[in-house]
Amino acid sequence: MSINKSLSSDGSKVTIAVTGRFDFSTHQDFIKAYKEQPKGEKEYIVDLSHAEYMDSSAMGMLLQLREHSSKKPGSVVLVNGNEAIQDILRIANFSALFTIQ
C-alpha cells in the first residue's frame with residue numbers, strides 16, 4: 001500500500017495515486033498528499049488504477065479531500081477504479097459528490 005503525489009506542469013492539478021489497499025493504514029500519507037497544497041486552489045485526481053481494495057475509511061478520506069478542495073464540480077476526480085471499487089462508489093452515491101471516470 002502506498003500513496004504517491006504528483007503536480008501537473010502548470011501547478012493546477014494534483015494527482016494522488018493509490019496502490020494496494022486504500023484503507024485506514026494509508027490515512028496519514030493520503031492526508032499529507034493534499035494538505036501540503038493551499039486549501040481550495042487545486043484540482044485533484046485520485047488515481048485508483050492500482051488500488052485493490054477500498055473501505056469506509058477511504059471513503060471518509062475522499063470526503064475530507066473534497067472539503068479541502070474548492071467543492072466545485074470536477075474539483076475532485078476519481079479515476080480508474082476496479083469493478084469492486086466502482087460498485088462501492090456507486091452504492092455510496094459518490095457520483096453526486098465527485099466526478100468518477
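For every helix of n ≥ 4 consecutive DSSP H residues, a contribution of -39,500 (n - 2.57) applies; sum these over the chain, divide by its total residues, and give [θ] at 222 nm rounded to the nearest 500 deg cm²/dmol.
Result for the chain: -9000 deg cm²/dmol, rounded to the nearest 500.
What net charge is computed for the residues neighbouring residue 40, neighbours being all others with C-beta under 13 Å from the C-beta of residue 40, Lys and Arg scored +1, Asp and Glu -1?
That works out to +3.
Excluding residue 72 itself, what net charge comes from residues whose Cβ is under 15 Å from its Cβ, given Lys and Arg +1 and Asp and Glu -1?
So the environment of residue 72 carries a net charge of +2.
Within the set of other residues whose C-beta is less than 12 Å from the C-beta of residue 83, count the net charge using Lys and Arg as +1 and Asp and Glu as -1.
Charge balance in the 12 Å sphere: -1.
Evaluate the charge dipole of the chain about its Cα centre and quote only its size in Debye, nearest 20, assuming +1 on the Cβ of each Lys and Arg and -1 on the Cβ of each Asp and Glu.
The calculated dipole for the chain is roughly 340 debye.
Within 10 Å of each candidate Cβ there may be at most 16 other Cβ atoms; applying that plus a DSSP loop requirement, which trypsin sites (Lys or Arg not before Pro) in the stretch 31-82 survive?
Sites meeting the loop and neighbour criteria: 39, 71.
Report, for the chain, the % of DSSP beta bridges that are antiparallel, rounded to 5.
30 percent
Determine the relative contact order of the chain: mean sequence separation of Cα pairs under 8 Å and six or more apart, normalised by residue count, in whole percent.
26 percent
None of the figures in this text is laboratory data; all of them are computed from the coordinates on show. Everything quoted here is computed from the prediction, not taken from an experiment. Positions of Cβ are backbone-derived with ideal geometry, glycine not excepted, and every protein chain shown enters the neighbour counts.
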